[in-house]
Amino acid sequence: MLLIALLLAAPSEVLPLREEAQVRELCSVLRDTGESFEGDPAEAAAARRTAQLKREQSIQASYSVEVPSKGFAFGRFRPGENLLELDGDRPLRAVNNELSLDLDGTDEVAFRARPEQVSQWSRAQKAGTIKLVVVFRPTGERCAGSSAARAWRLSGHAISWQIVDGDKVVAAADDAGEPVGPPSGPRSILVEKVSLEEAEEAKVSFAGVKSALDKCAAGARRLGTLVVTFAVQGGRVRDPQVILDALRDEAVSVCVARALSGALLTGAAGMGGRGTATLALQ
């Protein structure tokens, strides 16, 4: 009952799953409803309440699992974005190959990596020195498997993903599988298109905003597109508003709006009305 004791003592901590006994105990709790208890009705009701309490505590808790080099695989490398995907078609196997993890969104996980890092991680995986550390919460579904087979399958929702080489975290992703941490190279924001409602054919662009926009990109966690609408007064941008944020990053959106506010629109001298701009963080 070591795992349950840890749950009761520190319910907010991340509990490591390292041994078969811990996995067996967790699966037993997820399977136990207390309905099989026979005896005095009052004692049976108490048994059901206890089983339900343990189950709820187990579902609310967070667990960490170390998946060794042979227990996972990398997928496609996207050189244009410097992103390396996790192979979601291969099950994650841990705890002496006895535990299979079925985590939501595994096929959507990607890590920031330069080409030379991809090669380095591949060598480290063959040498067995790299591992995947996952923090997750169980979905509450019953574990598949048995002690006799020494094999268990557990479903869950991932909270974080880390690639660890030796004792160093070299890449990470969040609960949505999006890469986190410092970018693998300098980021920038490219203005892809600027258009004005009252002069659709006019060739207009922002002047003098490149440096400010790139500063907004420096702290971004994701790549993606922003669409900004704005008013035009005297050929300058007024009241810019981000209406589409594929980055899902409010800090970057606010920064971009500030960078564009008051910017001169070349080719729009004296014009008014409204405009739209599409920007790409890359």
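The values are calculated or read from the model by the stated rules, or taken from the named source; none is laboratory data. Quick caveat, the model's predicted, so the values are computed rather than measured. Positions of Cβ are backbone-derived with ideal geometry, glycine not excepted, and every protein chain shown enters the neighbour counts. Only protein heavy atoms, including side chains, enter the accessible area calculation; ligands, DNA and RNA are left aside. Shrake-Rupley method; radii C 1.70, N 1.55, O 1.52, S 1.80 Å.
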Do you know which residues across region 259-271 are in contact (Cβ under 8 Å) with a residue 40 or more places away in the chain and surrounded by fewer than 14 Cβ atoms within 10 Å (Cβ to Cβ)? none
Mind checking whether some residue in region 89-104 is closer than 19 Å to Q22 by Cα, assigned to a strand (DSSP E or B) and β-branched (V, I, T)? no
Answer yes if at least one residue in region 137-144 is at pLDDT 90 or above and either more than 14 Å from the chain's Cα centre (by Cα) or not aliphatic (A, V, I, L, M) (or both), and no otherwise. yes
Checked A172, A127 against criteria (more than 21 Å from E81 (Cβ to Cβ) and not charged (D, E, K, R)); the one match is A127
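I need a count of the residues in region 68-88 that are of a type in the set (S, T, N, Q) and either open to solvent by 60 Å² or more (accessible area, probe 1.4 Å) or part of a loop (DSSP other than H, G, I, E, B) (or both).
Going through region 68-88 one residue at a time, the tally reaches 1.
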Has region 188-205 got any residue that is among the small types (G, A, S), surrounded by 15 or more Cβ atoms within 10 Å (Cβ to Cβ), at pLDDT 90 or above and over 19 Å from R24 (Cα atoms)? no
In region 259-278, how many residues are in contact with a strand residue (DSSP E or B) (Cβ under 8 Å, 6 or more places away or on another chain) and either under 19 Å from S211 (Cα atoms) or among the hydrophobic types (A, V, I, L, M, F, W, C) (or both)? 11
Could you list all residues from region 210-238 that are in a helix (DSSP H, G or I) and open to solvent by less than 30 Å² (accessible area, probe 1.4 Å)? L213, C216, A217
Which members of region 150-181 meet the condition of being more than 10 Å from the chain's Cα centre (by Cα) and open to solvent by less than 50 Å² (accessible area, probe 1.4 Å)? A151, W152, L154, S155, G156, I163, V164, D165, G166, V170, A171, G181
Quick check on region 96-126: of everything there that is open to solvent by 10 Å² or more (accessible area, probe 1.4 Å) and among the β-branched types (V, I, T), which residue is farthest from G166 (Cα to Cα)? T106
When G267 is evaluated against the numbered criteria (1) farther than 24 Å from D174 by Cα; (2) touching a Leu at 6+ places or on another chain (Cβ under 6 Å), which criterion, by number, is the only one it fails? (2)
